[in-house]
Amino acid sequence: MKPPLLAQALLMVVAGPGEAEYIAGDLEEEFAVIRESGGRAAARRWYAWQVARSVCALLRLRVRSGELTQVILIASLGVAAPLLLLDRLWRFVYSQIPLKDGLHRAPEFLIFNALCACASAALQGTWAASKSPGSRSRALAMAFAGAMAVLIALWAGAASAPAAYVVTLSLAVPASALLTFAWRKSR
């Protein structure tokens with residue numbers, strides 16, 4: 001029986017390549033002991049709680065080391081900036097069309113935005129694959145930061161975005177970064 005997969009992935013993202021292996025090993029040892037004495041459900045709850053309560057401290061450690069700062073900067077420049085610029089472009093285009101200046105965007109504009117954001121995320125996945133030590137953790141962090149950058153960019157944009165568009169971008173951007181990373185690593 002293994003610990004919860006989602007908690008393990010979160011640990012990999014926030015701990016970084018240098019710390020994740022050691023922390024995961026310690027938690028898995030304790031997980032096995034708790035599973036034997038308290039049962040599977042208690043062990044899974046304990047593991048998820050330990051990861052959740054460690055997130056802030058681990059993120060602080062990565063920010064101090066400078067590694068996470070680089071990932072956040074690349075994600076925000078690579079995903080959020082193009083989305084915000086495209087929002088401004090579509091706002092300008094709509095202002096030039098009589099009686100069309102409003103908050104609602106045509107589906108074609110939203111599809112173009114999504115394709116640009118996914119292409120940017122794919123480039124980030126390629127960058128993460130080019131970094132050899134701890135690149136899997138870097139790719140997970142890049143995907144998470146990309147999803148957060150999408151949400152921030154959509155929140156900061158002037159137009160109200162349809163819920164399906166927000167959900168699609170929030171899932172497609174990290175997926176394209178991780179798929180590109182996996183493809184580059186397999187070559």
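The values are calculated or read from the model by the stated rules, or taken from the named source; none is laboratory data. None of these values were measured; they are calculated from a predicted model. All Cβ positions, even for glycine, are placed from backbone atoms using ideal geometry, and neighbour counts span all protein chains on display. The area values use the complete protein model at the heavy-atom level, side chains included, leaving out ligands, DNA and RNA. Shrake-Rupley method; radii C 1.70, N 1.55, O 1.52, S 1.80 Å.
Structure data summary
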item: Residues being open to solvent by 50 Å² or more (accessible area, probe 1.4 Å) and not in a helix (DSSP H, G or I) - total across the stretch 1-20; result: 2
item: Filter pass, Ile23 being of a type in the set (Val, Ile, Thr), touching a Leu at 6+ places or on another chain (Cβ under 9 Å) and at negative phi; result: yes
item: Residues that are within 13 Å of Leu110 (Cβ to Cβ) and exposed (fewer than 15 other Cβ atoms within 10 Å of the Cβ), drawn from the stretch 151-165; result: Ser160, Pro162, Ala163, Ala164
item: 1 or more residues at pLDDT below 75 and under 19 Å from the mean Cα position of the chain (by Cα): qualifying helices (runs of 4 or more DSSP H) within the stretch 21-105; result: 67-75
item: Selection from the stretch 45-79 of residues that are open to solvent by 80 Å² or more (accessible area, probe 1.4 Å) and closer than 14 Å to Pro4 by Cα; result: Arg45, Trp49
item: Top-ranked residue in the stretch 144-155 [being among the hydrophobic types (A, V, I, L, M, F, W, C) and in contact (Cβ under 8 Å) with a residue 40 or more places away in the chain; ranked as nearest to Leu169 (Cα to Cα)]; result: Val150
item: Leu84 being surrounded by 13 or more Cβ atoms within 10 Å (Cβ to Cβ) and either in contact (Cβ under 8 Å) with a residue 24 or more places away in the chain or in contact with a His (Cβ under 8 Å, 6 or more places away or on another chain) (or both); result: yes
item: Verdict on Glu28 being more than 29 Å from Leu169 (Cα to Cα) and not aromatic (Phe, Trp, Tyr); result: yes
